[in-house]
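Let me begin by presenting the structure, written as C-alpha cells, before commenting on it.
The values are calculated or read from the model by the stated rules, or taken from the named source; none is laboratory data. Since the structure is predicted, the reported quantities are computational estimates derived from the model, not experimental observations. Here the Cβ is made from the backbone with ideal geometry for all residues, glycine too, and neighbour counts use every protein chain on show. Calculation scope for accessible area: heavy atoms of the full protein, side chains included, ligands and nucleic acids excluded. Shrake-Rupley method; radii C 1.70, N 1.55, O 1.52, S 1.80 Å.
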Amino acid sequence: MWSNIRLSIYGVTALAGLIWPFYFIAKFVSQVQSGSVGSSIIEIANTFIDGAWATPTSGFVSADTAVLLIGIFSFYAAEGKRLQMKLWGIYFPLTFFISLAFSFGAFMFMRERTINGD
C-alpha cells in the first residue's frame, strides 16, 4: 500500500514538474515574442539568467537550487548504480531540458518501481 502511495506522489510530482515550471517559461517566451526581451540568443539567455538573480528572493531560490543540484545528482548516481537502474544517467539532462522537479519526481518513481521489482 505505501509503495503505491509513494508511486502516486512521485508520479504527481513529476507531472507537476513538467507542467508548472513551463507556465513560467511560456510567460517568458511571451515576453520575448512581444519584444520586451532582446531577440538574439545571447540577449535571451542573459535576460533569463539575470532574472534568476534579480531580487534577493529569486537569488535565494537560485542559490538554493544550485546547491541542491549537487546533492540530487550525487543521489541519482549513487542510487542508480546501487539499484542497477536502467538509464539512471538520463535524469541529469532531463533536469536541464525539462525541470528539476520533473527529473527528481521521475527518478523517484522509477527508483520505487525498481525497489518493488516492477
What do you reckon, is Ala101 touching a helix residue (DSSP H, G or I) at 6+ places or on another chain (Cβ under 7 Å), open to solvent by 40 Å² or more (accessible area, probe 1.4 Å) and of a type in the set (Gly, Ala, Ser)?
yes
Please identify the pairs in which a residue from segment 38-60 that is over 19 Å from Ala26 (Cβ atoms) and without any contact (Cβ under 8 Å) to a residue 40 or more places away in the chain has its Cβ atom under 6 Å from the Cβ atom of a residue that is outside any helix (DSSP H, G or I) and open to solvent by 70 Å² or more (accessible area, probe 1.4 Å), counting only partners at least 6 apart or on another chain.
Gly59/Trp53
If you take the residues in segment 26-58 that are among the hydrophobic types (A, V, I, L, M, F, W, C) and in a loop (DSSP other than H, G, I, E, B), which one is nearest to Ile98 (Cα to Cα)?
Trp53
Has segment 64-81 got at least one residue that is in a helix (DSSP H, G or I), of a type outside the set (Ser, Thr, Tyr), open to solvent by less than 60 Å² (accessible area, probe 1.4 Å) and farther than 30 Å from Met1 by Cα?
yes
Can you confirm whether segment 5-13 contains a residue that is surrounded by 12 or more Cβ atoms within 10 Å (Cβ to Cβ), touching a residue at least 40 places away in the same chain (Cβ under 8 Å) and closer than 16 Å to Thr95 by Cβ?
yes
Scan segment 85-107 and report the pairs whose first residue is over 13 Å from Phe75 (Cα atoms) and whose second residue is among the polar types (S, T, N, Q) and buried (at least 19 other Cβ atoms within 10 Å of the Cβ), with Cβ atoms within less than 6 Å and a gap of 6+ or a chain change.
Leu94/Ser103; Thr95/Ser103
